[in-house]
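Here is the structure we will look at, set down as structure tokens.
Since every read-out is calculated from the coordinates, none of them should be taken as a lab result. Just so you know, these numbers come straight off a predicted model, no measurement behind them. A quick note on method: Cβ atoms are made from the backbone with ideal geometry, for glycine too, and the neighbour counts reach across all protein chains shown.
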Amino acid sequence: MSYDMQYDGYSELVGAAPKRLADAKRLVEALPASVTDSDAAYRHLCGAYYLAGYAVECVLKAYIIARYRFSPRLDERRWAAVVRRLGKGGERDVGGKRGHSLTLLFELSGLDKQMANDRRAEQSWRACQNWRFYMRYCPHYTERRGPVRNRKQVEEMVRDCETVYDWVRKML
């Protein structure tokens, strides 16, 4: 089975990340002060939480593509090329759902030493590690007992993801 996505290139990921972060911020800003009584508001919180983490995923993948660029050919500037080159199985396999693990992506980026010099980014990164790709199904998955509980928590997650996004983006 081939791992191909229509939009998995470096430029697509670099372009998608700030858009998803902006979407997350708009979802949070549009909410009323109290969201406990509204299922739609709760779904917006879940969406904001997910999109903020997804922005970090996109920027980390873009960084990894740049880091592991195996040749100057345009098709090598794609996530699918990184997946193929790193191989199936083992700890460097980023195919399928493993390719959404922020922790694994961060490890592959090799940015840990640089981040150790930036306390704010490092603290925000710790918060971002709670994100999971399946949070896009949040209302069904968590049955309101999962990771998204209130507006304040989501606002903090969006801020933390923005800090990490900004930090990684500077490294590109």
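Observations, loosely collected:
- Cα shape, segment 95-135, gyration tensor, a/c 1.5 rule: oblate
- The modelled label-to-label distance for the pair K152/Q123, using points 7 Å beyond Cα in the direction of Cβ, is 1.6 nm.
- Pair Q114, D93: separation of 7 Å Cα→Cβ label points (nm): 2.9
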